[in-house]
Amino acid sequence: MEKVIIIRYCEIHLKGNNRGYFEKVFQENLERALKGIRHEIRRPSGRYIVEGFEEERADEIVARLSKVFGTHTLSVAYKVSAELETIYRTVLSIAPQSGTFKVQTNRADKRFPLDSMQMNAEIGGRLLSAVPQLKVDVREPEHILYIDIRENGTALVFGKYVKGAGGMPVGTAGKGMLLLSGGIDSPVAGYMIAKRGMKIDAIHFHSYPYTNLQAREKVEELARILSEYTCGLQLHVVSVTHIQEEIHRLCPPEMMITLLRRFMMRIAERTAQKNGAQCIVTGESLGQVASQTIEGITSSESVVERLPVLRPLIGLDKTEIIEVSRRIGTYDTSILPYEDCCTVFLPKHPLIRPDLAEVEREEARLDVERLIEEALTSAETVAISQ
Ligand code: ATP
Ligand code: MG
């Protein structure tokens, strides 16, 4: 009786001609998630089986694999020889001690002497006699005991489906540059776009020494949590201190955020192009704060010359975003109270509906190109491995 893990995948099924490619990337991502754990991954038909690992690491393996996009469900199963007696003993070993149940057999090997219905009745009957507190309920059982009779003389026996991360394998949908702040939203945006198969790099802007080193560590921690879903990532860290000082010195205070956003977008676009990213990704959600009105978005997007800007959270409420951030494990880090660069020099009344012509006029007081180049020379890249 060997413990194995069954991985069932999702939308990959849909990709007709590209299927081989999707499966290859998916398998590489599974392998990467299990780095440091002895194991073997096989692909019989339509699913993956992990085996050859130390049994006590099964839960850890499931936890890691359930974060790999493309994974639909997982089960920890016992692999045994496909003989009635052995299968029965295995089912008995995982059966609950009370409540309602049913047995569900899937028979890939049609040579097995009992068909699926007969097998359900046979094993179910034996369980009823062995465990007096159990009752059969084929419609809405509390427990389902699954038997999967394979073609190679083995059977898989399991009792649970664990939900996987869903989505598409990371690396099958290009690459994006995520603007990662220390807030709640942008890590969720990164998660959602990676779920569609996009590889991401992240760029973070800070205003050291106005912002402190803890703020930087917080962002690195967010990037690390995110990297468990994104198969690692490169974090580019860029100082906008001088840009903020110049805006503060030369432009109206209420335009601080509007103008700073335009710098962020320009720097993000250049960093994206330098690193092979094909789009910019932000955590904006329509109307959430002053800078995220349609006028604010127009102002920041108008400086992006060549790449599309993707905003996976645009239609979500804050409560919905918070729900995802709790589920993916970024929330507790996001709410740590360290200053973001946007809160430094924060005006009392930021512009809610900036007028593009006016923004451009005010911005003309700044030496935009020189400030961008200077910021880019300050850039550091941290490789965050999964
Ligand atoms: P978040 O929770 O992601 O910080 P927010 O609700 O605080 O979002 P804003 O501060 O207006 O909203 O930021 C909007 C988006 O701009 C963020 O989601 C992020 O993508 C980007 N952004 C803001 N500040 C930074 C920063 N310091 N570095 C990188 N990107 C940033
Ligand atoms: Mg923020």
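What the table shows:
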quantity: Residue under evaluation ALA63, criteria (1) under 13 Å from PHE158 (Cα atoms); (2) surrounded by 13 or more Cβ atoms within 10 Å (Cβ to Cβ), criterion not met; calculated: (1)
quantity: Matching option when the condition is open to solvent by less than 80 Å² (accessible area, probe 1.4 Å) and over 39 Å from the mean Cα position of the chain (by Cα), among ALA121, ALA173; calculated: ALA121
quantity: Residue ranges of helices (runs of 4 or more DSSP H) in region 281-386 with at least 1 members open to solvent by less than 30 Å² (accessible area, probe 1.4 Å), assigned by TED's automatic domain parsing to the domain that holds GLU221 and more than 16 Å from ligand 2 (Cβ to nearest atom); calculated: 294-301, 318-328, 356-363, 368-377
quantity: 3 or more residues of a type outside the set (Gly, Ala, Ser) and closer than 19 Å to GLY166 by Cα: qualifying strands (runs of 3 or more DSSP E) within region 1-81; calculated: 2-9, 48-51, 71-81
quantity: Positions within region 270-287 being in contact (Cβ under 8 Å) with a residue 40 or more places away in the chain and out of contact with any helix residue (DSSP H, G or I) (no Cβ under 6 Å at 6 or more places or on another chain), in sequence order; calculated: ARG270, THR271, ALA272, ASN275, GLY276, ALA277, GLN278, CYS279, THR282, SER285
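The values are calculated or read from the model by the stated rules, or taken from the named source; none is laboratory data. These numbers come from a predicted model, not from an experiment. Don't worry about glycine lacking a Cβ; one is built from the backbone with ideal geometry, like all the others, and counts go over all protein chains shown. Calculation scope for accessible area: heavy atoms of the full protein, side chains included, ligands and nucleic acids excluded. Shrake-Rupley method; radii C 1.70, N 1.55, O 1.52, S 1.80 Å.
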